[in-house]
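The structure under discussion appears below in the form of C-alpha cells.
What follows is calculated from the coordinates using simple rules that are stated; it is not laboratory data. Since the model is a prediction, treat every value here as computed from it, not as a measurement. Neighbour counts run over all protein chains shown; Cβ positions are idealised from the backbone, glycine included.
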Amino acid sequence: MKILGAILVGVIVLAVSAFFIVRSLEERVTSELVTQVSRLEIPAGWQPLSDIVRGEHFLCMSTNPCPSISRRWQVDTAVTDQDLEEIATPAGLVLAVEGTCQRPAAETGETIVCTGRAVKDGYKYQLTVFSVDPNGNLQVALSVRPS
C-alpha cells in the first residue's frame, strides 16, 4: 500500500511540474511576441479601441491561432502608406502596402482604404486602415498571427 501511495505522489508531482514547465514556456512565447509588437511606433494621437492578446496554449487551432494580437485605434488625422511604413520600421518590419489610403468618392459605409502586410520571425503582421464613414473618420486595425 505504501508503494502505491508513493507512486501516486510521484505521478502528482510529475504532473504538476509538467504543467508549470509548459505554462512557463507558453508565457515566454507570448511575452516575446508582445515585446516585438510593442516596437511598432503607434502615433501618440491614436485612441485605443481594443487590445486583445491571445496567449500561447498547448492546443491552438488554425481557426483561432495563438499566440496572436489584435488591436484597433480611432485615428483623427489622415493616414498614408508612408505612415504605415514608419510605424513598422522600428519593429524591423518592411510592409508591402496595398491601396491608396484614400477613400473612394463612390463608397458608402465602412471600407478598407489600404493594408500593409509583412512577415517576420514566423508571424504575419497586417495593418489595415478603415474609412469608417464619408466624414473622414478612420480606424486602424493591427493583426499579428502565426504564419
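At a glance:
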quantity	calculated
Distance between modelled label sites at ALA44 and THR77, nm, 7 Å Cα→Cβ extension	1.1 nm
Table column - 3J(HN,Hα) (Hz), region 76-87, Karplus curve with 6.51, -1.76, 1.60, x for Gly and Pro	9, 10, 4, 10, 10, 4, 5, 4, 4, 5, 5, 5
Cut-off 12 Å between beta-carbons: net charge of the residues surrounding SER131, Lys and Arg +1, Asp and Glu -1	-2
Net charge contributed by nearby residues that have their C-beta within less than 13 Å of ARG117 (K/R +1, D/E -1)	0
